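Peer 1: Please see the structure below; I have some questions.
The values are calculated or read from the model by the stated rules, or taken from the named source; none is laboratory data. This one's a predicted model, so the numbers in the text were calculated from it and none came from an experiment. For neighbour counting, all protein chains shown are included, and Cβ atoms are generated from backbone atoms with ideal geometry for every residue, glycine included. These accessible areas exclude ligands, DNA and RNA; they are computed on the full protein's heavy atoms, side chains included. Shrake-Rupley method; radii C 1.70, N 1.55, O 1.52, S 1.80 Å.
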Amino acid sequence: MKEGRLFDKPKHVKRLLMGFYIFLLLLIVADLFLPKHPAFPWEEYPSFYGAYGFVACVSLVLASKYILRKMVKRKEDYYE
């Protein structure tokens, strides 16, 4: 008999994703009520660190795709 893996059944994947979404929602709600001790004024905004991390990650991917790739990429016949 073949045992099924955790991600083989769509029901398990949907439950896992729903758990992640609920956890994300709880973190966002908790961020609204937890006291903050900001060093800069813009750190007081709700979900500042999440937005900052998202923008940083997207800009890193775009920079590596359009800027760094041109510096590192070799010609097709480089090893010939």
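Peer 1: Using +1 on the beta carbon of Lys and Arg, -1 on that of Asp and Glu, and nothing else charged, what's the dipole of the chain about the Cα centre, debye to 20?
Peer 2: 420
Peer 1: Going from the alpha-carbon gyration tensor of the range 6-48, what semi-axes, largest first and in whole Å, does one get by taking the root of 5 times each eigenvalue?
Peer 2: 34, 9, 6
Peer 1: If you count only protein heavy atoms with a 1.4 Å probe, what accessible area per residue comes out for the chain, rounded to a whole Å²?
Peer 2: It amounts to 105 Å² per residue over the chain.
Peer 1: In addition: Can you list the GluC sites (Glu not before Pro) in the range 1-47 that are in a DSSP coil and have 16 or fewer other beta carbons within 10 angstrom?
Peer 2: GLU3
Peer 1: Still on this structure: Calculate, in nm to one decimal, what MET71 and TYR49 gain on full extension: separation in residues at 0.36 nm each, minus their alpha carbon distance.
Peer 2: Stretched out fully, the MET71 to TYR49 stretch lengthens by 4.8 nm.
Peer 1: While we're here: Of the trypsin sites (Lys or Arg not before Pro) in the chain, which ones lie in a loop per DSSP and count no more than 16 other C-beta atoms within 10 Å?
Peer 2: Listed in order of number, the matching sites are LYS2, ARG5, LYS36, LYS73, ARG74, LYS75.
Peer 1: Something else now. Using a 10 angstrom cutoff on alpha carbons, build the Gaussian network for the chain and name the most mobile of TYR49, TYR21, TYR66.
Peer 2: TYR66
Peer 1: So what does the Cα-only Debye profile of the chain read at q = 0.22, 0.26 Å⁻¹, as log10 I(q)/I(0), no solvent term?
Peer 2: Here the Debye-derived log intensity ratios amount to -1.03, -1.17.
Peer 1: Additional query: In deg cm²/dmol and to the nearest 500, what is the mean residue ellipticity at 222 nm of the chain if only DSSP H runs of at least 4 residues count, each as -39500 (n - 2.57), divided by the residue total?
Peer 2: The helix contribution divided over the chain gives -18000 deg cm²/dmol.
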